[in-house]
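Presented below is the structure to which this report refers.
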Amino acid sequence: MDVQRKKGILEVCVLAVLKKGPSYGYLIIRELERCVDISESTLYPILKRLEQGGSLETYRMEYNGRMRKYYRLTQGGQRKIDAFLDEWDELRTMYQFVAEQNAREPEPEAGVVESTEIFANRDRLEGEEE
Amino acid sequence: MKREEYLKKLKYELIDLPAEDLEQIEDYYEELIYDGMEQGYSEEEILARLETPEEVAKKIRAEYGGLVVYTAKSASRENTQEYESSSLIHTVKVETENLRIRVRTVEEGPVRVFFKPKEGRDVVTFEEKDGVFSFLHEMKGSVHLNWLNFLWDDNILVLELPMNYAGTLCLRTTNGTIKAAGLVNLAVGEIRSNNGTIRMENCQAGRLHVTSNNARIELSNVRGAELEASAGNGLVSAKECSFPEKLSLQTQNGAVSGRNVISDHISMQTFNGVVSGTIIGNPADYNINSTTRNGMNNLENVSEPGRTKTLLAKTHNGRIQIEFAM
């Protein structure tokens, strides 16, 4: 898949994970692993980018004697998910179109037939003039 | 390998990132390790499952490109100093005093300046802010200019740009030559030297202004929309250059030459020198305005409303010899 597109989709996947509630790095990766092969180093820049873009926010809460960092979905993030799903409808229609067209049996090459017809026509016309 | 060692290595690999980012990355990995341990894995198991610090650093660095604006950094390397951008740059400004400037391109990478400042002589102000990469160089006090200095390599500054750099490039120097080649995607180029030759080869720029006060300008295979090349005292030459909207070559004392140039609006002017060249195009498309006081002129002046292109050729002392080639 195109790298940029994959990045964009991964971002939405991360946001989707946060839909049911705030989560933290380790758990986000475990959840994402169910749908995509993702490493820790791939997730980090995504989280950072999403935070900078206002799609998620972070906060810290004490857990097991340390302050664990949590990520929470924002309204901006929700809009991003919605936009993705909207876009996807459009893409799906196009995908179906491409798949349908691809499955069709090729027809005889139309252009070639036409041009011989033109020549035949011209010959006929010129013949008539004589 | 233990947790501390892993984190230390990681930090070492990314040491050039701003402290704040480095802290966040360390924090992120530390938490991943703790969380893994709390799931019942041993420290070794977790670390073995993670990518190596080198791999992590490489990926994070690649991902970072263009995301965050960092403050400028510089690093010493052997006997040269390196100034490097770490975010997406849209404007590169390099202004120097008495330095030669060489622009070279790399396939991909940051904007980089290689220059070795001399203690007590060179003052460098380097900043990267909001996509503007600016490198200003001055020489301290009143510098007695020794022309021999120019044989020394430490009077040279090398600017390295990614080949497809698509922003604005402003280069300025006094008493030094400027050479640039291989920039194929510039939006705007502003190149100026007070007393040095400017040479550009195989470049492309939307708008290009080249100015040299007391030395020649040589352009070869340079393309774009608009070109203004102006030298005070020196030859101005453009070879195999195409600037459809405007191509202007100008000097006071020197020849002006355009070999195989393409443009709808051509202006070639000097006071003392020959104006010559070959224009690729149909002469019937051009309104021609040419004058010389002391010399032959092979052009015939024409002004007809139907002609959409213009050619202006002027000199006071010299001949005009301009051909058209279709």
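The values are calculated or read from the model by the stated rules, or taken from the named source; none is laboratory data. It should be emphasised that the depicted structure is a prediction, and the values quoted were computed from it without experimental measurement. Every residue, glycine among them, receives a Cβ derived from its backbone with ideal geometry; neighbour counts consider all protein chains shown. What goes into the accessible areas is simple: the full protein's heavy atoms, side chains included, and nothing from ligands, DNA or RNA. Shrake-Rupley method; radii C 1.70, N 1.55, O 1.52, S 1.80 Å.
Residue count for region A:48-61 under the criterion of being within 13 Å of chain B (Cβ to nearest Cβ), open to solvent by less than 30 Å² (accessible area, probe 1.4 Å) and within 18 Å of the chain's Cα centre (by Cα): the result is 1. With respect to the conditions (1) buried (at least 20 other Cβ atoms within 10 Å of the Cβ); (2) in a strand (DSSP E or B), B:Ser220 lacks only one, and its number is (1). What are the residues in region B:52-68 that are modelled with pLDDT of 85 or more and open to solvent by less than 30 Å² (accessible area, probe 1.4 Å), if any? Once the filter is applied, which keeps residues that are modelled with pLDDT of 85 or more and open to solvent by less than 30 Å² (accessible area, probe 1.4 Å), region B:52-68 yields B:Pro53, B:Val56. Of all residues in region B:262-276, those satisfying the criterion of being assigned to a strand (DSSP E or B) and at pLDDT 95 or above are B:Ile262, B:His265, B:Ile266, B:Ser267, B:Met268, B:Gln269, B:Val275, B:Ser276.
Okay, residues lined up against (1) outside any strand (DSSP E or B); (2) in contact with a Ser or Thr (Cβ under 6 Å, 6 or more places away or on another chain):
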site: B:Leu249; (1), (2): no, no
site: B:Ser257; (1), (2): no, yes
site: B:Asn260; (1), (2): no, yes
site: B:Thr278; (1), (2): no, no
site: B:Asn289; (1), (2): no, no
site: B:Glu304; (1), (2): yes, no
site: B:Arg307; (1), (2): yes, no
site: B:Ala313; (1), (2): no, yes
site: B:Ile322; (1), (2): no, no
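Remark: pairs (first residue in region A:64-78, more than 11 Å from every other protein chain (Cβ to nearest Cβ) and in a strand (DSSP E or B); second residue basic (Lys, Arg) and open to solvent by 50 Å² or more (accessible area, probe 1.4 Å); Cβ separation under 7 Å; 6+ apart in sequence or on different chains) = A:Leu73/A:Lys19.
Do you know which residues across region A:19-41 are part of a helix (DSSP H, G or I), within 11 Å of chain B (Cβ to nearest Cβ) and open to solvent by less than 30 Å² (accessible area, probe 1.4 Å)?
A:Gly25, A:Tyr26, A:Ile28, A:Ile29, A:Glu40, A:Ser41
Filtering region B:259-273 to residues that are open to solvent by less than 20 Å² (accessible area, probe 1.4 Å) and either in contact (Cβ under 8 Å) with a residue 60 or more places away in the chain or not small (Gly, Ala, Ser) (or both) leaves B:Val261, B:Ile266, B:Met268, B:Thr270.
Restricting region B:299-326 to residues that are in contact (Cβ under 8 Å) with a residue 24 or more places away in the chain and more than 20 Å from B:Thr251 (Cβ to Cβ), the residue that is surrounded by the fewest Cβ atoms within 10 Å (Cβ to Cβ) is B:Met326.
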